[in-house]
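Here's the structure, in structure tokens; my notes come after.
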Amino acid sequence: NIQQPGNGVEQLRDDNFETFWQSDGAQPHLINIQFYKKMRIKELQLFCDFKKDESYTPNKVSIRAGTGFHDLREVHLVELDEPDGWVSIDLTTKSGANDGCLKYLRAHVVQIAVLSSHQNGRDTHVRQVKIYGPRQSATKGFGTELSRFNSIEFLHFSCIR
């Protein structure tokens, strides 16, 4: 990804809302996230601040996923209206059966493509990116589910830190 010096990819993960990644070049502006193996993905979050970034704020964002850059497909298209804070993008779908189960996005590569910015801005600012997988029980694999133990004494020790 092409970026402004001093406003690189490291700023997307520094947990500081005052820093940002700034694109530098023609649209679409791309943020690529690669995993070493195929991962289940539940949600993607972007932190954007229209009040601070104005025309640099993303307006239309495409989320693409695949096993590599050669087979990326759009899985979600989001239009942001002057966002101020975290924007959550749910990447789950309902399973085919009527059992209420969710199917998670599975991918090696996730691409965030900023297709346009507010006020027809040329470059874009994204302040933070977070990507989440499904939550799993902390006791999965122990042979018993600790949630069965529901007395106050057991609940004190239901999580391993």
Qualifying position, being in contact (Cβ under 8 Å) with a residue 60 or more places away in the chain, of a type in the set (Asp, Glu) and under 20 Å from Leu77 (Cα atoms), among Glu54, Glu43: Glu43
Hey, Lys51 closer than 25 Å to Phe20 by Cβ, open to solvent by less than 90 Å² (accessible area, probe 1.4 Å) and either of a type in the set (A, V, I, L, M, F, W, C) or at pLDDT 95 or above (or both) or not: no
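Residues checked against (1) under 17 Å from His125 (Cβ atoms); (2) open to solvent by 80 Å² or more (accessible area, probe 1.4 Å); (3) among the polar types (S, T, N, Q); (4) assigned to a loop (DSSP other than H, G, I, E, B):
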site: Gln11; (1), (2), (3), (4): yes, no, yes, no
site: Gln22; (1), (2), (3), (4): yes, no, yes, no
site: Ala26; (1), (2), (3), (4): yes, yes, no, yes
site: Tyr36; (1), (2), (3), (4): no, yes, no, no
site: Arg40; (1), (2), (3), (4): no, yes, no, no
site: Phe47; (1), (2), (3), (4): yes, no, no, no
site: Val61; (1), (2), (3), (4): yes, no, no, no
site: Ala65; (1), (2), (3), (4): no, no, no, no
site: His76; (1), (2), (3), (4): no, no, no, no
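The values are calculated or read from the model by the stated rules, or taken from the named source; none is laboratory data. If you're wondering where the values come from, they're calculated on a predicted model, not measured in any experiment. Quick reminder, even Gly has a Cβ in these numbers, built from the backbone with ideal geometry, and neighbours come from all protein chains shown. Just the protein is used for accessible areas: all its heavy atoms, side chains included, with ligands, DNA and RNA removed. Shrake-Rupley method; radii C 1.70, N 1.55, O 1.52, S 1.80 Å.
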